[in-house]
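A.B. asks: Would you mind keeping the following structure in view while I ask a few things?
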Protein chains: 2
Amino acid sequence: MRIGELSERTATPRRLLRYYEEQGLIVPYRCANGYRAYDERFVDRVLQIRGLLDAGLPTRIIKQILPCLDKPRTIHFPDATPQMLATLEGELDRMSERIDCLIRNRDAIAEYLDVVRGTASGAAASAVAASAVSAAAAEGTPAEAALPSAGVCAVPVA
Amino acid sequence: MRIGELSERTATPRRLLRYYEEQGLIVPYRCANGYRAYDERFVDRVLQIRGLLDAGLPTRIIKQILPCLDKPRTIHFPDATPQMLATLEGELDRMSERIDCLIRNRDAIAEYLDVVRGTASGAAASAVAASAVSAAAAEGTPAEAALPSAGVCAVPVA
DNA sequence: CTTGACCTTCACATCAATGTGACCGTTCGA
DNA sequence: TCGAACGGTCACATTGATGTGAAGGTCAAG
């Protein structure tokens, strides 16, 4: 398939596909006319790249990691250098921190929304927030509610 | 406290504190001598900003969101415009997608690490990966193992 | 043969988050 | 009173991931 189709199938701007190539993340074949040619494998590959990028990994790291997670669904042991494994472990930790952080912030926002709209039915509405707001509403207190420290979250070391 | 202390307590370069101010995310007081003065609340505030930034929210959005999650642990209802609630809901969804995406990728990497090091004890080592690798090792097959589609994850619309 | 959709490269633009340095004022302790 | 440590502004530089557009080649359908 050519770049247009891959672009559609991965919901990724052509520009980015070329960019990933520029960064050495993907290496498409070339037709006689110079057009880039991608096979099926590139669909997963690109999605994977996008996922890792979104995970906060820079292209530099992804490039190192990718040969290990190479052909989608297949692991190539020979590619794993100890150096790389260390990198991976580090990134793994950072990702976990990021996830925790995201979850805390998301929950804080969800809670805020629940509280602010009185949608106490929302699963995320914690007892404390829900009760706080209902109490406030009942008493006509200035509309403020206690929010757990959920929203506060230090950023992992970059 | 002045910028140096806040910088230390939030592990945030002074430069960034000034940057956040420039972006309207924080508005410190000013001493007579022109020095910025921050009170305790700014510590949480800055950590929260860092968290939200790390969550992928642009400063532009954070600026809108922040007045709502304002004084840490307190919600100010008056600040919530319907427009803003919509924005928040949108971001909430995006954050959830991001979280799922991150988790999938993290697990994929964790799994890879487990498999590649034969550390089948790791909680994340799925039966399929573990068995695949042990089978491969037992038979002397080319060192490849089936990996679930975990690593592949489309990026949420930006 | 022409048109339109697709492809190419090149190159400059943007945006957020940072780094860095110049240059100057303030505070404080030795 | 001097210097170190800190503060201030200004401003330019960089990096990563993107957007965007110009100028031109390829190709299939009308």
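A.B. asks: Could you work out the local net charge near B:ASP114, counting Lys and Arg as +1, Asp and Glu as -1, over the other residues with Cβ closer than 12 Å to its Cβ?
C.D. replies: Summing Lys/Arg as +1 and Asp/Glu as -1 gives -2.
A.B. asks: Could you please report the charge total around A:ALA86, scoring K, R as +1 and D, E as -1 over all other residues with beta-carbon less than 12 angstrom from its beta-carbon?
C.D. replies: Here the charged neighbours net out to -2.
A.B. asks: Amide H of B:ALA37: which non-local residues (sequence gap of 5 or more, or other chain) have their own amide H closer than 5 Å, using H built in the peptide plane?
C.D. replies: B:TYR29, B:ARG30, B:CYS31
A.B. asks: Further question on the same structure: So for region A:1-80, considering every pair of alpha-carbon atoms, how many percent are separated by more than 20 Å?
C.D. replies: In whole percent, the share of Cα-Cα pairs in region A:1-80 beyond 20 Å is 29.
A.B. asks: Applying the Karplus parametrisation 6.51 cos²θ - 1.76 cosθ + 1.60 with θ = phi - 60° to the phi angles of region A:81-96, what ³J(HN,Hα) value in whole Hz is obtained for each residue in order, glycine and proline being reported as x?
C.D. replies: After applying 6.51 cos²θ - 1.76 cosθ + 1.60, I find 8, x, 3, 5, 4, 4, 3, 4, 4, x, 5, 4, 4, 4, 5, 5 Hz.
A.B. asks: Once the other residues with Cβ under 14 Å from the Cβ of B:ASP100 are scored (Lys, Arg +1; Asp, Glu -1), what is the net sum?
C.D. replies: Within the 14 Å Cβ shell, the charges total +3.
Rule-based calculations on the coordinates, nothing more; no lab input. Computed from a predicted structure; not experimentally measured. Neighbour counts run over all protein chains shown; Cβ positions are idealised from the backbone, glycine included.
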